[in-house]
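Visitor: Structure below; questions to follow.
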Amino acid sequence: MRIAIASDIAPTAELEAALAEHGVLCDAAESIADLPSVVALSGPYDLVLLRVGQPLRSALPAIRELRRRGMTLPMIVACTGNATAEEEESVLHAGADDVLFHPMRLSVLHARMQALARRARGYACSELVCGNVVLDQEQHAVMVDGRRVNLTAREFDFLETLMLHKGVLLTKERFMTRLYADSEAPDSKIVDVFVCKLRRKLTAAGAAEIIRTVWGRGYVVFEPTEAAIEAARSSRQQDVEPAPRGWVRRAPRFLAATA
């Protein structure tokens, strides 16, 4: 997940570092007033996070400006002070999707961020489904017909990005922006490597093809047909235990049907 963050009370470096441990990349604006410009020029983002003190209504100008520009991405306002019900209502009516108050658990904040980002993409819960592939954000697992597929953390993040944007063409540049901090980004050819590995692992598990290459532009996840799903299931590689040394594996025997 990649978010834009701004605060009017203190630097956000500590919060950014904590969110990074949950796989969230943060672009910080120097002030809340600068946030609309940062979102417009440096996006796309999955979410906007504003951290404000008192009064809560100090977040209203930035929220209204973001919505005035037609930006529909989810927005969370985290308040470190107290607020009246009227202030909270005004922030929500202005365009915020959620208002949180300190102290708050980082894990809960991250879960709320994931929930808002999912729903903005049309998903109702933590399970992202495409064909017979299920990506569970809560369990950090990928299954094909209930069978777990072993992916690295980066492969999981790559597939999650694709599935959250099902039907949307993602360029290599967008992948690099979402998955890597500027200081550690490798060559963009790594995107092709991830696609190759994901296709191989998903196909071996019996998944229908869900990642399509748009030559010269990027990749997109699409919903396969039922016929494609059944064909993939029938060609799934079976898990075969090696026979003990010195043994000869016999062909399986079948009982004849009786009347």
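The values are calculated or read from the model by the stated rules, or taken from the named source; none is laboratory data. A quick note: this is a predicted structure, and the numbers were derived from the prediction, not measured. Please note: Cβ atoms are built from the backbone with ideal geometry, for glycine as well, and neighbour counts cover all protein chains shown. Only protein heavy atoms, including side chains, enter the accessible area calculation; ligands, DNA and RNA are left aside. Shrake-Rupley method; radii C 1.70, N 1.55, O 1.52, S 1.80 Å.
Visitor: What's the FRET efficiency of residue 40 with residue 212 using the Cβ-Cβ distance as r and R₀ = 45 Å, to the nearest 0.05?
Guide: 0.90
Visitor: May I pose another question? Can you give the three extents of the C-alpha atoms in region 1-41 along their principal axes, from longest to shortest, in whole Å?
Guide: Here the Cα extents, ordered largest to smallest, are 27, 22, 7 Å.
Visitor: What do you get for Rg/Rh of the chain when both radii come from the Cα atoms and Rh is the Kirkwood radius?
Guide: Rounded to two decimals, Rg over Rh is 1.10.
Visitor: What FRET efficiency, computed as 1/(1 + (r/R0)^6) with R0 = 41 Å and r the Cβ-Cβ distance, is obtained for residue 148 and residue 100, rounded to the nearest 0.05?
Guide: With R0 = 41 Å, the Cβ-Cβ based efficiency is 0.80.
Visitor: Within 13 Å, Cβ to Cβ, of residue 92, how many net charges do the neighbouring residues add up to if Lys/Arg are +1 and Asp/Glu are -1?
Guide: -3
Visitor: Pop out the carbon and sulfur fraction of the accessible area of the chain as a percent, whole number, probe 1.4 Å.
Guide: 51 percent
Visitor: Can you give the relative contact order of region 1-107 as a percent, counting alpha carbon pairs under 8 Å and 6+ residues apart?
Guide: 26 percent.
Visitor: Using DSSP, restrict attention to beta bridges with both residues in the chain and report what percent are antiparallel, rounded to the nearest 5.
Guide: Beta bridges within the chain, antiparallel portion: roughly 50 percent.
Visitor: Follow-up. Over region 1-135, what is the percentage of antiparallel beta bridges among all DSSP beta bridges, to the nearest 5?
Guide: About 15 percent, rounded to the nearest 5.
Visitor: Past the 20 angstrom mark, what percentage of all C-alpha to C-alpha distances in region 1-151 do you count?
Guide: The proportion of pairs with Cα distances above 20 Å equals 50 percent.
Visitor: Check each of the GluC sites (Glu not before Pro) in region 20-89 and keep only those in coil by DSSP with at most 13 other C-beta atoms within 10 angstrom; list them in order.
Guide: 21, 30
Visitor: If you take all C-alpha pairs in region 78-137, what percent of them are over 17 Å apart?
Guide: 52 percent
Visitor: Follow-up question, since we're still on this one. In percent, how large is the relative contact order of the chain, given Cα pairs closer than 8 Å and 6 or more residues apart?
Guide: Reported as a whole number, the value is 13 percent.
Visitor: Where in the chain are the DSSP H helices whose alpha-carbon span along the long axis reaches 27 Å or more and whose Kyte-Doolittle mean is at least 0.5?
Guide: Length and hydropathy pass: none found.
Visitor: Something else now. Report the calculated FRET efficiency for residue 193 and residue 54 (r = Cβ-Cβ distance, R0 = 41 Å), to the nearest 0.05.
Guide: Calculated value: 0.25.
Visitor: Can you give the charge dipole size of the chain about its Cα centre, rounded to the nearest 20 debye, using +1 on the beta carbon of Lys and Arg and -1 on the beta carbon of Asp and Glu?
Guide: 1420 debye
Visitor: Tell me, what is the per residue accessible area of region 84-218 in Å², probe radius 1.4 Å?
Guide: 52 Å²
Visitor: Expected output is a single nm value to one decimal: the length gained when fully extending between residue 204 and residue 172, i.e. 0.36 nm times separation in residues minus the C-alpha distance. What is it?
Guide: Length gained between residue 204 and residue 172: 9.0 nm.
Visitor: Another question about this same structure. Evaluate the relative contact order of region 134-228 (contact order divided by residue number), counting alpha-carbon pairs under 8 angstrom at least 6 apart; express in whole percent.
Guide: Relative CO of region 134-228 lands at 30 percent.
Visitor: With labels modelled as points extended 7 Å from the Cα through the Cβ direction, what inter-label distance (nm, one decimal) is found for residue 140 paired with residue 235?
Guide: 3.3 nm
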